[in-house]
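The structure under discussion appears below in the form of structure tokens.
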Amino acid sequence: MKSKLVDEIFENAMDVLSDEDRGLPQVENVLPLLRRGIGIHHGGLLPILKETIEVLFSEGLIKALFATETFAMGLNMPARTVIFTSIKKYDGSRNRFLTSGEYIQMSGRAGRRGLDDKGTVIVMFDEPLSPASAKDLLQGKADALNSAFHLSYNMILNL
């Protein structure tokens with residue numbers, strides 16, 4: 001039953017793609033995974049695929065989601081458990097450790113308000129890390145939030 005619902009949601013979403021795009025490996029290879037409750041989410045996916053996976057996840061049709069930080073940024077998509085397979089990321093020029101703010105943003109997805117009593121975060125350290133560095137990562141502060149919104153007189157008058 002769930003497999004048919006996954007098929008229906010997926011096919012409806014993929015109707016917007018050209019025949020050429022529907023033949024892309026990322027489109028052809030993802031449906032068998034989705035039918036089994038497994039999803040992937042990263043910046044290299046077509047936007048319609050990411051949106052479809054987000055819908056399936058929010059509907060509870062995806063039980064295991066393998067994602068990069070793209071899933072954690074700007075989306076309210078909590079999960080029961082968040083697993084870090086690495087605490088390093090490529091930032092466009094080099095591999096570096098996650099900042100505590102990035103860790104907080106992603107690990108904060110663990111535990112669904114109103115559904116779970118607790119959330120679980122599993123960190124798999126793939127190389128030695130000093131106790132001080134681990135403490136900074138796990139107990140550091142969130143990144144500063146700076147607004148780009150500037151109120152002007154015209155904005156007030158337009159209300």
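In region 31-43, how many are in contact (Cβ under 8 Å) with a residue 12 or more places away in the chain and surrounded by fewer than 20 Cβ atoms within 10 Å (Cβ to Cβ)? Spell out how you get there, then give the answer.
Residues of region 31-43 that are in contact (Cβ under 8 Å) with a residue 12 or more places away in the chain, as a first pass: 31, 34-35, 37-43.
From the residues that got through so far, the ones that are surrounded by fewer than 20 Cβ atoms within 10 Å (Cβ to Cβ) too are 31, 35, 37-38, 42-43.
Final tally of qualifying residues: 6.
Among the numbered criteria (1) exposed (fewer than 12 other Cβ atoms within 10 Å of the Cβ); (2) not assigned by TED's automatic domain parsing to the domain that holds V123, which one does R94 miss?
(2)
Given the criterion under 30 Å from E11 (Cα atoms) and of a type in the set (V, I, T), identify the matching residue among I38, I122, I87.
None of the others qualify; the one that does is I38.
Condition (residue is more than 15 Å from the chain's Cα centre (by Cα) and charged (D, E, K, R)) applied to region 66-81: is it met by at least one residue?
No, there is no match, as no residue in region 66-81 is more than 15 Å from the chain's Cα centre (by Cα) and charged (D, E, K, R).
Looking at the structure I just gave you, is V30 of a type in the set (V, I, T) and modelled with pLDDT under 90?
Judged against the criteria, V30 is not a match.
Just the residues that are surrounded by fewer than 13 Cβ atoms within 10 Å (Cβ to Cβ), part of a loop (DSSP other than H, G, I, E, B) and modelled with pLDDT of 80 or more, please, taken from region 128-149.
P128, S130
Residues in region 64-84: is at least one more than 20 Å from G119 (Cβ to Cβ), buried (at least 17 other Cβ atoms within 10 Å of the Cβ) and at pLDDT 85 or above?
no
Kindly indicate which of G119, G101 is modelled with pLDDT of 85 or more, in contact with a strand residue (DSSP E or B) (Cβ under 6 Å, 6 or more places away or on another chain) and surrounded by 10 or more Cβ atoms within 10 Å (Cβ to Cβ).
The unique qualifying residue is G119.
Considering only region 71-126, how many residues are farther than 21 Å from I40 by Cα, touching a Gly at 6+ places or on another chain (Cβ under 8 Å) and of a type in the set (S, T, Y)?
Going through region 71-126 one residue at a time, the tally reaches 2.
The values are calculated or read from the model by the stated rules, or taken from the named source; none is laboratory data. The model shown is predicted, which means the values in this text are computed figures rather than measured ones. Cβ coordinates were reconstructed from backbone atoms using ideal geometry, including for glycine residues, and neighbour counts include every protein chain displayed.
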